[in-house]
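Novice: Before I ask anything, here is the structure I am working with.
We did not get these values from a lab; they are worked out from the coordinates using the rules stated. Every value quoted in this text rests on a predicted model; they were computed, and no experiment measured them. So basically every Cβ, Gly included, is an ideal-geometry build from the backbone, and we count neighbours across all protein chains shown.
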Amino acid sequence: MEHRAKRFIRKYSIDELPQLFNILKGELSFIGPRPVLDDETRLYGDKRDLLLSVRPGLTGYWQAYGRNNITYENGERQAMELYYIEHFSWWFNVKIFFKTIKAVITAEGAE
């Protein structure tokens, strides 16, 4: 039973809700590139500083449109995160917001 509960929580991103406190504290934005570990930043090569120049977000372009289907291995996640930064706009954030809601409700791309 415990395994099912964990899968449900992860599938519908309920485990992300505590991050709302980080948004209120100003450490995280609602939409932006997902936070990365220090050793993951090397995967961004000469674009590392660009990635680190923006506040990470609870959700973002990669999270909404790729989620667990896109990884670091082939460079797709990095490309999506950098695309978001380079094409940032209020309207882009609105699209990401609604796509995130759809992805969470339908568990699209969830493991």
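Novice: So what is the 222 nm mean residue ellipticity for the chain from helices alone, if each DSSP H run of at least 4 adds -39500 (n - 2.57) and you divide by all residues, rounding to the nearest 500 deg cm²/dmol?
Specialist: Values: 6 runs with 54 residues, N = 111.
Result for the chain: -13500 deg cm²/dmol, rounded to the nearest 500.
Novice: Ranked from highest to lowest mean number of other Cβ atoms within 10 Å per residue, what is the order of the peptides 92-101, 41-50? Before the final figure, lay out each step's value.
Specialist: On the way: 92-101: 15.6, 41-50: 13.2.
In decreasing order of mean packing, 92-101, 41-50 become 92-101, 41-50.
Novice: Also, quick follow-up: In the structure displayed, which of Lys11/Lys99; Lys6/Lys95; Lys11/Lys95 lie more than 25 Å apart, Cα to Cα?
Specialist: Working: Lys11/Lys99 16 Å; Lys6/Lys95 29 Å; Lys11/Lys95 21 Å.
Violating the 25 Å Cα-Cα cut-off are Lys6/Lys95.
Novice: Which helices, taking whole DSSP H runs in the chain, have alpha carbons extending 20 angstrom or more along the helix axis plus mean Kyte-Doolittle at least -0.5?
Specialist: Values: long enough: 90-106 (24 Å, 0.81).
What comes out of the filter, once short or polar helices are dropped, is 90-106.
Novice: Another question, if that's okay. Take Tyr65, Tyr84, Tyr72 and order them by how many other Cβ atoms sit within 10 Å, fewest up front. Can you show the working numbers first?
Specialist: Details: Tyr65 19, Tyr84 25, Tyr72 12.
Ascending Cβ contact count within 10 Å gives the list Tyr72, Tyr65, Tyr84.
Novice: Report relative contact order for the chain in percent, whole number only (criteria: Cα-Cα under 8 Å, sequence separation at least 6).
Specialist: Relative CO of the chain lands at 32 percent.
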